[in-house]
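Step one of this worksheet: look at the structure below.
Here, each number is a calculation from the coordinates, and none is a lab measurement. Please read these numbers as outputs of a predicted model, since none were measured by experiment. Virtual Cβ from ideal backbone geometry, glycine too; neighbours counted across all protein chains shown.
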Amino acid sequence: MRTESTRKAANRRHIVSAAGAVFAHAGLDVPTRVVAARAGLGVATVYRHFPSRSDLVGAVVAELVRGCATDLRAALADPDPWSALSGTVRRFAARQVADQRLNEALVGFESERRAHAAALDVLVSRARTAQVVRADVSASDVRAALMAIAAVRARGPATVTRVTDLLLAGMAA
């Protein structure tokens, strides 16, 4: 039997998931009633969990940041340096397409961005040591590649995939 707190936690997760999907597709200005409808809950339930729009946006963005951190931990644990680095770049590209309208909300997570940057530095260093990327590829180069991917996200998944493939081919040893 589900307890009240378990039900509330499940509702909260469900709202965050629904809001993430809605925001990613339509942007951050979507009315709360649209998020509630997507979640299959009443607007009052959404407001009980998230009294303001910024609370809801913050929860969605925090979830995205946690997902990125989880992906980076998995990449750091991957014994194959090329798989770890290229997989990280590909996951970034996929997020640029899937979460296109949410990307502008990611600005306030400075300490997390520093941690993600440090993890990327390690991935690039490992790949260079294993000689699976060109010797002159730096973490700054990979960041520039990520910015290039982000710059073409509005052109759609096919363009993002093509640019990602080209950038990775240019990095490979």
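Given +1 at the Cβ of Lys and Arg, -1 at the Cβ of Asp and Glu and no other charges, the dipole of the chain around its Cα centre is 540 debye to the nearest 20.
Arrange Leu146, Leu120 by Cβ neighbour counts within 10 Å, fewest through most, would you?
Details: Leu146 18, Leu120 22.
Ordered from fewest to most neighbouring Cβ atoms within 10 Å, Leu146, Leu120 come out as Leu146, Leu120.
Listed by Cβ neighbour count within 10 Å, with the fewest neighbours leading, Met171, Met147 appear as Met147, Met171.
One compactness figure for the chain is 1.19, namely its Cα radius of gyration divided by 2.2 N^0.38 Å.
Listed from fewest to most Cβ neighbours within 10 Å, the set Asp80, Asp71 follows the order Asp80, Asp71.
To the nearest ten degrees, helix 53-77 and the longest principal axis of the Cα atoms of the chain are 30 degrees apart.
With the convex hull constructed from alpha-carbon coordinates only, the range 1-51 shows a mean projected area of 3.4 nm² over all directions.
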